[in-house]
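Below is one structure, written out as structure tokens; the observations come after it.
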Amino acid sequence: MLGGNEFILVIASGFTSAWLISNGWTICGAIMFIACISKFRELRGHKEIEAPEDLHVIIIGSGVSGICMGRKLNEIGVKFTILEKSSDLGGTWYDNFYPGVACDVPSHLYSFSDYMNPSWSRAFSKGKEIHQYLKRAASSFGVYPNVVFNKRVESCTWNQESCKWTVKTTDGSQYIANFIITGSGGLHVPRLPNFKGQESFKGPAFHTALWDATFQPKGKKIAVIGTGASAVQAVPGLVELGAAELKVFQRTPAWVPPRLDYKYPEFVKTMFKLFPFTNTLHRWFFFWRSELRFRLLFTEDAWLTKKLSGWIHGQVKSYYYHAIKNKDLCKKLIPKFSMGCKRITPSDTYLQAFNEDHVHLITDKIEEITETGIKTSDGVNHEVDAIIYAIGFDLQKSARPFIQIGVDGKDMAETWGDTPGAYLGIVHQQNPNYFMLLGPGTGLGHNSIIYMIECQANYTIDAIKKFVKSGARSMAVKESVTSSYLDWCQENMKGKVFANNNSCVGWYRNDRGINWTLWPLDLVTYWWMTLKCNLEDYSLKY
């Protein structure tokens, strides 16, 4: 429901947009109008429905997606169970606790749109603070009683006769559900290395997502393999914890613009708490700035991008030369490809870490792992006490973390091949009564993934409400609808820096160059397309 301050803000936004349009400021007015509608949708809540007593939903995962979905099912009065593989909720913010772990999205944007936190300590919060926020949200939403911990899903199988799913977990438990909603995340299966001789290394070696809680970096010589998002955070974190020597093994440099992080003064947090509309305006600023950034950085064929791209790249390169003392080293750290081709990893401390005498950049190719360290192509054996793998995640395994048998009796791993796809990234024709949050083609490189999840959750709730009202037993999206949508996605990938740039190879695309991981447009477009579920897109079985 709308609170008093929020109601006033939305009404004021509506009048402002009308005034702007009437006075010729059409684009500004349209943006404000969309924001106004969006706010109504975010805060209106969902009314309870008269669901059958035996209707039951299984949610897989209790991260942001699971918490968001559980809250909305509570609102409409549908019973559900969340199966969580870990011993606590929070998803990636519970699993990842390596030094320096934080979010690259501003805190006030990386939060639920109608459960904003006025007390974020920083512009970009650390992982522990985000995890605590999610736990408070789960408690406030009444989600905790429905979570069953330490239940890793092994398989989901559709029964065509009963129109129900059978979910089996690795401990032998079995659950029956009318609907399955997956919230297992898009990046949750660590990509493990396969270097020659890596088993021979005598010291500790682990992935950032599998951090050894007993490991003490102080006084140790440490190798970090990789320069992606985790490495950009972990390297200065390890420096801060007193590593005696740090060697960063770089295959491809990353774009690391300044993050511009800062602490929020107490008076600002007090203002956000006493006057919630100021918090909302603050969030809107970050949202629309992010949407503008999509047009400036990611759309290569846009007139504005062509005009400003060179200037933006020049500004970031200037930041590199300002941050790094050694200019020859600086050149090695500046990418040759356009920003947005691979994930942008902002930081105020990563580049500066290389100014320390005990931090070294290694660009020679790794030949093998030895008992005492890492041997590179120049013949040098870099002796280290520990190896940290910051090499990202396995997207294919993350997209299908368990066996999933649908209508055709095939595992989705076989059906999808190397290019997973789904209508709106949410539903697939072989899986009736099955919804995916953060499914294929819904990743973002410019805005808050939490808002993306909220759009998907709202679409799913609308689908379940209409399904219950129809009296059907199952609903499956039509194959023609999925096919047309996926063709539309690939058409809209054209002209995007993350799809057509051959100067770099990133995890966004498969080996055939197809980008099946990212949403190709801005977030407002996705919000509009998921505003409601059209049952005409589905085949219903009664």
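Data table
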| read-out | value |
| --- | --- |
| The one condition in (1) touching a residue at least 40 places away in the same chain (Cβ under 8 Å); (2) more than 23 Å from residue 399 (Cβ to Cβ) that residue 529 fails to fulfil | (2) |
| Extreme residue, surrounded by the fewest Cβ atoms within 10 Å (Cβ to Cβ), among residues of the stretch 202-227 that are β-branched (Val, Ile, Thr) and over 24 Å from the mean Cα position of the chain (by Cα) | 214 |
| Any chance residue 329 is closer than 21 Å to residue 255 by Cβ and of a type outside the set (Val, Ile, Thr) | yes |
| Set 463, 457: member being of a type outside the set (D, E, K, R), at pLDDT 95 or above and within 14 Å of residue 526 (Cα to Cα) | 457 |
| Selected residue (criterion: surrounded by the fewest Cβ atoms within 10 Å (Cβ to Cβ)) from residues of the stretch 416-454 that are in a helix (DSSP H, G or I) and aliphatic (A, V, I, L, M) | 450 |
| Residues that are in a helix (DSSP H, G or I) and buried (at least 18 other Cβ atoms within 10 Å of the Cβ), drawn from the stretch 255-281 | 272, 279, 280 |
| Meets criteria (under 27 Å from the mean Cα position of the chain (by Cα) and hydrophobic (A, V, I, L, M, F, W, C)) for residue 333 | yes |
| Test result for residue 491, in the same structural domain as residue 85 (by TED's automatic domain parsing), in a helix (DSSP H, G or I) and surrounded by fewer than 18 Cβ atoms within 10 Å (Cβ to Cβ) | yes |
| Count of the stretch 159-195 residues which are surrounded by fewer than 13 Cβ atoms within 10 Å (Cβ to Cβ), touching a residue at least 24 places away in the same chain (Cβ under 8 Å) and small (Gly, Ala, Ser) | 0 |
| Residue within the stretch 240-249 that is out of contact with any Gly (no Cβ under 7 Å at 6 or more places or on another chain), of a type outside the set (Lys, Arg) and at pLDDT below 95 present | no |
| Among residues of the stretch 460-484, those that are crowded, with 23+ Cβ neighbours inside 10 Å and within 22 Å of residue 518 (Cα to Cα), counted | 2 |
| Every residue from the stretch 415-435 that is under 18 Å from the mean Cα position of the chain (by Cα) and over 30 Å from residue 296 (Cα atoms) | 435 |
| Selection from the stretch 208-234 of residues that are of a type in the set (A, V, I, L, M, F, W, C), within 9 Å of residue 388 (Cβ to Cβ) and not in a loop (DSSP other than H, G, I, E, B) | 222, 223, 224, 225, 231, 234 |
| Only one of 486, 540, 521, 531 that is under 21 Å from the mean Cα position of the chain (by Cα), more than 30 Å from residue 336 (Cβ to Cβ), modelled with pLDDT of 90 or more and not in a helix (DSSP H, G or I) | 531 |
| Unique residue being closer than 22 Å to residue 517 by Cβ and not assigned by TED's automatic domain parsing to the domain that holds residue 108 when the list is 294, 275, 354, 285 | 294 |
| Residues of the stretch 422-457 classified as on the phi > 0 side of the Ramachandran plot and among the hydrophobic types (A, V, I, L, M, F, W, C), total | 2 |
| Subset of the stretch 356-415 [among the basic types (Lys, Arg) and surrounded by fewer than 18 Cβ atoms within 10 Å (Cβ to Cβ)] | 365, 397, 410 |
| Any pair with Cβ under 6 angstrom, 6 or more apart, that starts in the stretch 263-287 at a residue that is in contact (Cβ under 8 Å) with a residue 60 or more places away in the chain and ends at one that is among the aromatic types (Phe, Trp, Tyr) and in a helix (DSSP H, G or I) | 279/272 |
| Strands (runs of 3 or more DSSP E) (entirely within the stretch 144-207) containing at least 1 residues that are outside the structural domain of residue 401 (by TED's automatic domain parsing) | 205-207 |
| Matching residues, the stretch 117-135, being in a loop (DSSP other than H, G, I, E, B) and surrounded by 19 or more Cβ atoms within 10 Å (Cβ to Cβ) | 117, 120, 124, 125 |
| Criterion violated by residue 130 - all others in (1) without any contact (Cβ under 8 Å) to a residue 24 or more places away in the chain; (2) under 28 Å from residue 258 (Cα atoms) satisfied | (1) |
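Conditions (1) part of a helix (DSSP H, G or I); (2) surrounded by fewer than 19 Cβ atoms within 10 Å (Cβ to Cβ), marked per residue:
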| residue | (1), (2) |
| --- | --- |
| 290 | yes, no |
| 294 | yes, no |
| 312 | yes, yes |
| 315 | yes, yes |
| 325 | no, yes |
| 332 | yes, yes |
| 337 | no, yes |
| 340 | no, no |
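The values are calculated or read from the model by the stated rules, or taken from the named source; none is laboratory data. Source: prediction; values computed, not measured. Neighbour counts run over all protein chains shown; Cβ positions are idealised from the backbone, glycine included.
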